[in-house]
Every structure is written in structure tokens, then in C-alpha cells.
Amino acid sequence: MWGDRFELISILGDGGMATVHLAHDTVRDERVALKVLHPHLARDPNMRARLRRELRAAGRIRHDAALVPTSSTSTTVASP
């Protein structure tokens, strides 16, 4: 579980900034990709701001073949 909302299912990818998990959103009752900053970066306000900018930029994409973010759930430094 990640917080009280997301049930982690598997890891989809891992990079220098974050890990992307396949997760079940228990509020919306659907599968989502959940991007989680690595702990050492999550404590950095600049990195959290960068992730928020990425989310906003991706949310502006409009195309039938594109999967885009639908929400930003937290800016709190947390652990699973």
C-alpha cells in the first residue's frame, strides 16, 4: 500500500528520479501508473516542484493514443 489510497501491484520502471508502479487506486477503483520520487529526492523541494511541472505539462497533452495524468495526489514526503 502507498499511503491509504494506492495498492502497489508491480514495478513498471525505475529511473534516476523515480520508480513507476502499476497500482490500484482504491478511491477511483481503477489501475493507474503511480510515479514515486526516490526517497533522497523526495526531500528536495526543487525535485518535488519538477515532478509537479512534469505532471502539469503531461496533463496538457491531448491525443487519443496518449495516457495522461489525471491527478496529483500528494506533495508530502512519505514512505509506502
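Quick notes
- Matching residues in the stretch 1-27 - criterion: being free of Cβ contacts under 8 Å to residues at least 60 places away in the same chain and in a loop (DSSP other than H, G, I, E, B): ASP4, GLY15, GLY16, MET17, THR26, VAL27
- Output for the stretch 35-80, where each listed residue is small (Gly, Ala, Ser) and either in a helix (DSSP H, G or I) or at pLDDT 80 or above (or both): ALA42, ALA49, ALA57, ALA58, GLY59
- Residues of the stretch 2-32 that turn out to be on the phi > 0 side of the Ramachandran plot and aliphatic (A, V, I, L, M), as a count: 0
- Residues of the stretch 1-14 satisfying the condition of being modelled with pLDDT under 95 and either surrounded by fewer than 11 Cβ atoms within 10 Å (Cβ to Cβ) or touching a helix residue (DSSP H, G or I) at 6+ places or on another chain (Cβ under 6 Å) (or both): ASP4
The values are calculated or read from the model by the stated rules, or taken from the named source; none is laboratory data. These numbers come from a predicted model, not from an experiment. We place every Cβ from the backbone using ideal geometry, glycine too, and count neighbours over all the protein chains shown.
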